[in-house]
Every structure is written in structure tokens, then in C-alpha cells.
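Let me begin by presenting the structure, written as C-alpha cells, before commenting on it.
Each value in this text was obtained by applying a stated rule to the coordinates, not by laboratory testing. Worth saying up front: this structure is predicted, and the values here are computed from it rather than measured. We place every Cβ from the backbone using ideal geometry, glycine too, and count neighbours over all the protein chains shown.
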Amino acid sequence: MLSIPSDIWQDMIEHARALDPHECCGILAGTDDHVTMQYRITNILARMHDEADLAHFDQAKLSDLKNLTPEERADVAFQMDAQEMSLAQKDIRQKGMTLKAFYHSHTFSPARPSLTDVTIAMEFENYRERLNIPEPYHVIISLEDKERPVIRAYRIQESQATEIPVQRRSLPV
Amino acid sequence: MITVRIPTPLRPMTEGKSEVEGKGTTIGELIDQLNAAHPGFKDRVCDERGEIRRFINVYLNEEDIRFLTGKDTPVKDGDEVSIVPAIAGGTHG
Ligand SMILES: [Zn+2]
């Protein structure tokens, strides 16, 4: 279970809307099941003009991306800025919190991890334990219906995505 | 020797190996030496200005070298260096 306070829930939707049609991405942190902090991370795809920067993507996705302009690539994919991701991880550690989830938006498809999402999440699994990072959930914000954004969370293990319950927590008055 | 962990996307540069051994007194030297052993390696890790690419983090043991002294970070025998791409994803396929 992942419990997200309503202000962060709302900010993730605003983040997705602000970047639409580009995908947005970020990190959620907290303790136990409770998210208490959010970090917006830059999706750097729109500014990556060098094909070597796309090395992360699998062959199928890569041939897709190569046919697009950098701006168009950010509509169908995201790449977190590594430095911002690392700074967020450091801040989370210093505050005694735990990285709970990575989030990103799908601006015109459902809130389900794509094959590329799963492949890259599994790649992260390969070194996560060695770097002392707890298993993250993967949260997706779908703007497929612009009026009704959908947020879902998943566990990605052994190349399988399993939905986990996600709760919008009201803030104490 | 220094053990360097290679992420899947960069393994075409290292004949498919997930770990290679390297030498050097700094991260920068280590990258140059790996490039000599695996031509093209540096170009995949560093941009045209020689900086680590924006989608990659390089860890010395458990610390990001950006929080140490970047490419000047000293390395010694027995150290482990991990090249770690930041999280990414795609909508279709
Ligand atoms: Zn996705």
C-alpha cells in the first residue's frame, strides 16, 4: 500500500499537466507506507540531442525514438536528470527518509507501465541493493482523459508489474 | 585493480561483460584507461565536453562521485565503481 497526502497527489497532477504533452517524472519519499515528500525531476529527453544519450532505451524503443525530434521524444518517454535524481536521493537519506516511489506521467495512454518502463525498472533492480536503495514502487499519472487524471502504483519484479493499492490521504485539519 | 560495473545499455562496449577491471588513480584516468581497452567506451559515458552524461550517475562504492570531486575523485585498488543510468521509461512498446 502507498498512502499519498492530497497535496502531493494534487501536485503530481499539476506537474503532469504543466509538462503535457511531455512526460513528467519525479520521486516520492517517506517512511513506511506514507509518502511525505515529493521531488520533481527534470525529464531531460527534450534537451538530449546526442543519440548516445538514448543508450538507456531498448532496441525497439530506440528505433522509435530515433525517428522523433527531441521535443517529440519527451512526449512518449522520459529520462530523469541523473544529477537531480542523485541529489534527491541524498536529501532523502539526510532526512532519514526512504525513497518510496518513482513517478512519471503518460499523457495520452493509460496508467500502466509500458514494456520499456518494466525493462528499465528491472535494470535499476540490478544495482539497487548494492547501492543500498530500498525497492521503489512505480507510480504513473495518466492524462489520457484530461479531465479525469488517474494515478496508479505498481511493484515491478521479475519483469512483471503488479498493481498495488494507492490511497489519497487527507491532510490533518 | 578497480572493479567497474557496467549497465546493460553500455555492455555492447565491453563485449557484453557486466563487470570489467580497470586501473587509474582517479575516476577520469580510469575512464581513459577503459576507453583504451574498450574503444568508444568514453564516448558513451562522457559528452563532448568530457563531462559524465546527463543520464548517468557514477558511484564510487556507495557514493555518487558528484558529491566527491567528480572525475578527479581518487580511486584505489579494491574500489568498486558503478555506472548507473537514472530511471527512464517510455509510453509505447
Ligand atoms: Zn511509462
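Kirkwood hydrodynamic radius (Cα pairs, Å) of the protein assembly as shown?
Values: mean 1/r = 0.0528 Å⁻¹.
With all distinct Cα pairs of the protein assembly as shown included, I get 18.9 Å.
If each of A:R112 and B:A37 carries a label point 7 Å out from its Cα toward its Cβ, how far apart are those two points in nm?
My value for the distance between the label points is 4.4 nm.
How far is helix A:6-19 tilted off the main Cα axis of chain A, in degrees rounded to 10, range 0 to 90?
20
If you place +1 on the Cβ of every Lys and Arg, -1 on the Cβ of every Asp and Glu, and leave all else neutral, what size is the dipole of chain B about its Cα centre, to the nearest 20 Debye? Kindly include the intermediate steps, with their values, before the conclusion.
Numbers: 12 positive and 16 negative charges, 61 e Å.
In total the dipole reaches around 300 debye.
Please give the helix B:27-37 orientation as an angle from the longest Cα principal axis of chain B, in degrees from 0 to 90, rounded to the nearest 10.
With rounding to tens, the tilt is 70 degrees.
About its Cα centre, what dipole magnitude does segment A:31-110 give when the only charges are +1 on Lys and Arg Cβ and -1 on Asp and Glu Cβ, stated in debye to the nearest 20? Present the calculation step by step, with values, prior to reporting the outcome.
Details: 9 positive and 13 negative charges, 63 e Å.
Using Cβ point charges on Lys, Arg, Asp and Glu, segment A:31-110 gives about 300 debye.
Give me the number: length gained by fully extending A:M122 to A:K146, i.e. 0.36 nm times residue separation minus the C-alpha to C-alpha distance, one decimal in nm.
On the way: separation 24, 0.36 × 24 = 8.64 nm, distance 2.98 nm.
My answer for the length gained is 5.7 nm.
With r defined as the distance between the Cβ atoms of A:L68 and B:S18 and R0 fixed at 25 Å, what FRET efficiency is calculated, to the nearest 0.05?
Details: r = 30 Å, r/R0 = 1.20.
Rounded to the nearest 0.05, the efficiency is 0.25.
I'd like the distance separating the alpha-carbon centroids of segment B:1-17 and segment B:48-76, in whole Å.
So the separation of the two Cα centres works out to 16 Å.
For chain A, with a Gaussian network of springs between Cα atoms less than 10 Å apart, report the residue from A:R130, A:R152, A:R17 with the top mean-square fluctuation.
Fluctuation is largest for A:R130.
Would you be so kind as to identify which of A:F124, A:A52, A:V35 lies farthest towards the positive end of the dipole of segment A:2-169, taking Lys and Arg as +1 and Asp and Glu as -1 on Cβ and the Cα centre as origin?
A:V35
Lys/Arg Cβ at +1, Asp/Glu Cβ at -1, dipole of chain A taken about the Cα centre: which of A:S114, A:V166, A:H138 is farthest positive-ward?
A:V166
Using a simple spin-label model with points 7 Å from Cα along the Cα→Cβ vector, what separation in nm is obtained for B:D72 and A:A60?
Spacing of the two 7 Å Cα→Cβ label points: 4.6 nm.
Can you pull the one-decimal nm distance between simple spin-label points at A:D32 and A:S170, each 7 Å off the Cα toward Cβ?
With each label point 7 Å from Cα toward Cβ, the separation is 2.0 nm.
Two-decimal Rg/Rh of segment A:1-141 from alpha-carbon positions, Kirkwood Rh? Show your work: numbers first, answer last.
Values: Rg = 14.8 Å, Rh = 15.6 Å.
We get a ratio of 0.95 for segment A:1-141.
Over all directions, average the projected area of the Cα convex hull of segment A:102-173 and note it in nm².
Details: hull surface 24.8 nm².
Answer in nm², one decimal: 6.2.
Based on the Cβ-Cβ distance from A:D20 to B:R11, what FRET efficiency comes out when R0 is 51 Å, to the nearest 0.05? Write out the running numbers ahead of the final one.
Values: r = 35 Å, r/R0 = 0.68.
That pair, A:D20 with B:R11, gives E of 0.90.
Mind sorting A:F124, A:F78, A:F108 by how few other Cβ atoms lie within 10 Å of their own Cβ, fewest first? Don't jump to the answer; show the numbers that get you there.
Numbers: A:F124 21, A:F78 32, A:F108 15.
Ascending Cβ contact count within 10 Å gives the list A:F108, A:F124, A:F78.
Treating the beta-carbon of each Lys and Arg as +1 and of each Asp and Glu as -1, no other charges, what is the dipole magnitude of segment A:19-160 about its Cα centre, to the nearest 20 debye?
On the way: 16 positive and 24 negative charges, 90 e Å.
The dipole magnitude comes to about 440 debye.
Take the Cα atoms of chain B, find their three principal axes, and give me the spread along each one in whole Å, biggest first.
The principal-axis extents, from largest down, are 43, 29, 25 Å.
Distance from the Cα centre of segment A:14-61 to that of segment A:113-140, in angstrom?
13
Taking only the alpha-carbon atoms of segment A:38-97, what semi-axes of the equivalent ellipsoid follow from 5 times the gyration tensor eigenvalues under a square root, in whole Å, largest first? Before the final figure, lay out the partial values.
Details: eigenvalues 151, 23, 17 Å².
Three semi-axes, in Å: 27, 11, 9.
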